[in-house]
Amino acid sequence: MRLLKLAVAAVGLLVNVCVAAPSVSVVSNTVLDSKGIFFVSYDGVVNVNSFQLSGVLTYKNFQYAGWYTSTRTLVLGRRTLPSGAWSTLQLPHNLSTSDSHNVVSLGVSPADGKIHVAFDCHSTQMFYSSSEANLATSGKSWVASRFAGITTTLGSLNIGTVVTYPQFVITPTNLLQFVFRSGVSGNGATQLAEYSAGAWKTVGSWASATGTYTAPSGATSTLRNLYIHGFTYHGDRAHVTGTWREQNGAVSCSSAGLTNHDTVYFYSDDLGRTWFNSAGTKIGTSGTTPIGVNTAGIIVDSLNADHGLMNQESQTVDSTGLIHAVISYVPGRFTQCVTNYETDRPAFARPFHVYRNANGTFTKVEIPFAIQSVGRSQIVMDAKDNVYVVLPFVKVVTASKASGWTDWTMMYDGTATGLDAFGEVTLDRARIPSGVMSVLYQQTSTGTTPSPLRLIDFTLNG
Ligand SMILES: *[C@@H]1O[C@H](CO)[C@@H](O)[C@H](O)[C@H]1NC(C)=O
Ligand SMILES: *[C@@H]1O[C@H](CO)[C@@H](O)[C@H](O)[C@H]1NC(C)=O
């Protein structure tokens, strides 16, 4: 008996040693702008939104960031990695309206080393500029004159006047792609364009507004939009997870809920032209037969529109090519009807780790920490496939691959350390492979009083 106890204790110790969740360490915390513009709209601030995708972006030896300063002017920052001082330039544009959707999004086209910036849109025309060739690699002086005049087209490509959520993505073939929504919330299409041989060309819509969604109550909705958690390449494959937002509020139990429902997944092996569901069945072609709400086999986590499910959180892909996403909603143990997502999410919402298994099925695990915010979370993985989730207020929770992603532990708590972050954060995904996680956050404020916009760097210690 005693021997057995000792053996059990020894195994327990071994497990503890081998399966500890990875820690993070703060490397630096720098101020990008001591007077970042501040106002709260749609529960968010314009300088820091999950759907920016690349509000802060590493490319080779430099890190870039884009934001609006207190005078509303668009600012681009650059520093030499890992710890150079930030230089800034101002582009001749002022934020047109106090809407937190109107973020700044950055990209680099590897073929010609141009820096691209898209900004200031919410179901409106979008603004765009790009730099002189090779600015991303030359390190030449950081001045506005190296950027072309601002247009409301994407280079010479007309993308219309009803644009939201600009996101740049580099392909495995070193092209730059551009993902955005045309149309409006509840009636929009998800679109893809591509920068090749120095020009933007359209690829087309790959997720449409059409089809009929029937809620458990029997209420139907005939229009919607797909909200994506990301558009992430690994090897040749582009992975997308997302959720649908219905136009007809009657599909939700409450008019103050969210009409987001279900988590979907699909992938493309030809740079976003044709699309397949998790079972490997072809389900769509960009431009001609986009994916819709009635497309078969795309729902990987079923959830009705009664739980305050958040749109546009985040996703990543592990070293074996399997998608991992973080989603959040109010679990049924708290209520079966979110009657006000702006109060129910801070009170009850929980984050979930949703990931694909090698056999094509999905697993969902509740991360045992409350969000305490309306806002979104960020998921990244290190080279050993340990998971790091940055919750609102810069709370970093991690889980080890060795535990099967079950040993969730809070490794850094930005509230306890007094960061005073507003809530939702965004981070530099391109820098993750170097083992450093740069997290952009803005300090909280009241009314329209400007506040510091900051970047905190962590090493990932897995
Ligand atoms: C931006 O606003 C400032 C006033 O805050 C003004 O001086 C400047 O001309 C504006 N810039 C543009 C490009 O409109
Ligand atoms: C698929 O793999 C997961 C994880 O290994 C396992 O739990 C599940 O039972 C498998 N499902 C099928 C249908 O094989």
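A short reminder: the numbers here are calculations on the coordinates, not readings from a lab. Values in this document were obtained by computation on a predicted structure and should not be read as measured data. Quick reminder, even Gly has a Cβ in these numbers, built from the backbone with ideal geometry, and neighbours come from all protein chains shown.
Observations
- Binning the alpha carbon pair distances of the range 307-462 at 5 angstrom intervals from zero yields the distribution 2, 9, 18, 21, 20, 15, 9, 4, 1, 0, 0, expressed in whole percent.
- Model label sites at T406 and T152, defined 7 Å from Cα along the beta-carbon direction, differ in position by 5.6 nm.
- Charge tally in the Cβ shell below 13 Å around N29, where Lys, Arg are +1 and Asp, Glu are -1, N29 excluded: -1
- Candidate aspartates and glutamates - alpha carbon under 20 Å from K114, same-chain residues fewer than 8 apart omitted: E132, E194, D428
- Judged by the mean number of other Cβ atoms found within 10 Å, the most tightly packed of the peptides 172-178, 59-65 leads the ranking 59-65, 172-178.
- Centroid-to-centroid, using Cα positions, the range 112-171 and the range 392-458 are 27 Å apart.
- Listing E342, E424, E132 from fewest to most neighbouring C-beta atoms within 10 Å gives E342, E132, E424.
- Ranked C337, C121, C253, criterion: other C-beta atoms within 10 Å, fewest first: C337, C253, C121
- The range 312-340 and the range 238-306: distance between their alpha carbon centers, rounded to Å: 14
- Packing-based ranking, highest mean first, of 286-293, 436-443 given that Cβ atoms within 10 Å are counted: 436-443, 286-293
- Of all lysines in the structure, those lying under 16 Å Cα to Cα from K384, and not within fewer than 8 positions of it along the same chain, are K401.
- Taking one quarter of the surface of the C-alpha convex hull of the chain gives a mean projected area of 22.4 nm².
- Remark: the T202-T161 segment gains 13.2 nm on full extension, using 0.36 nm per residue and subtracting the alpha carbon distance.
- Under 16 Å from the Cα of K282 - aspartates and glutamates, other chains or at least 8 residues apart: D269, D270
- Packing, as the average of other Cβ atoms within 10 Å across residues, places the peptides 92-99, 124-131 in the order 124-131, 92-99, highest first.
- The range 229-294 - percent relative contact order, Cα under 8 Å, separation 6 or more: 24
- Estimated inter-spin distance, K35 and T449, nm [label 7 Å along Cα→Cβ]: 1.5
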